[in-house]
1. Under 19 Å Cα to Cα from LYS67, which aspartates and glutamates show up? Leave out anything in the same chain fewer than 8 places away.
2. Which length gain, in nm to one decimal place, applies between ARG14 and GLN51 when the Cα-Cα distance is subtracted from 0.36 nm times their residue separation?
3. If every alpha-carbon in the chain counts as one equal scatterer, what log10 I(q)/I(0) does Debye give at q = 0.17, 0.18 1/Å?
4. Expressed as a whole percentage, what fraction of the accessible surface of the chain belongs to carbon and sulfur atoms when a 1.4 Å probe is rolled over the protein heavy atoms?
5. With θ set to phi - 60° and the Karplus curve 6.51 cos²θ - 1.76 cosθ + 1.60, what are the ³J(HN,Hα) couplings of region 34-41 in order, to the nearest whole Hz, using x for Gly and Pro?
6. Just to verify a number: FRET efficiency for LYS3 and LYS37, C-beta to C-beta distance, R0 = 22 Å, to 0.05?
7. Sum -39500 (n - 2.57) across every DSSP H segment of at least 4 residues in the chain, then divide by the residue count to get the 222 nm mean residue ellipticity, nearest 500.
8. How much length is gained if the chain between ARG22 and VAL58 is pulled fully straight, taking 0.36 nm per residue apart and subtracting their Cα-Cα distance, in nm to one decimal?
Amino acid sequence: MTKLVSLKDWLESRFEKPPSLRTARRWCEKQEIPAKKIGRDWFVDPTKEMQQSGNKSVDDLVNNVLKAS
């Protein structure tokens with residue numbers, strides 16, 4: 001099982017000048033980053049985040065192909 005990282009910690013480790021927490025929460029809500037809401041807080045799965053291409057259509061296609069096989 002992958003260790004989840006708090007959204008704030010993920011932002012600080014991923015960006016030199018991190019965006020606001022509000023912006024990052026919006027990314028989570030729109031599923032632009034692999035995050036899970038636990039209670040009021042968001043947590044990022046860094047392993048899944050590193051596997052994303054940055055293009056949601058491509059990621060969806062790859063995931064569908066992998067599920068089918």
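1. The reachable aspartates and glutamates, counting only those whose Cα sits under 19 Å from LYS67, are GLU49, ASP59.
2. 11.9 nm
3. -0.65, -0.72
4. Carbon-and-sulfur percentage of accessible area, whole number: 51.
5. With the stated coefficients, region 34-41 comes to x, 10, 10, 8, 10, x, 9, 9 Hz.
6. Once the sixth-power term is evaluated, E becomes 0.85.
7. Here the helix-only value at 222 nm equals -14500 deg cm²/dmol.
8. In short, 10.3 nm is gained.
The values are calculated or read from the model by the stated rules, or taken from the named source; none is laboratory data. All values reported here derive from a predicted model rather than from experimental measurement. For neighbour counting, all protein chains shown are included, and Cβ atoms are generated from backbone atoms with ideal geometry for every residue, glycine included. These area figures cover heavy atoms from the full protein model, side chains too; ligands, DNA and RNA do not enter into them. Shrake-Rupley method; radii C 1.70, N 1.55, O 1.52, S 1.80 Å.
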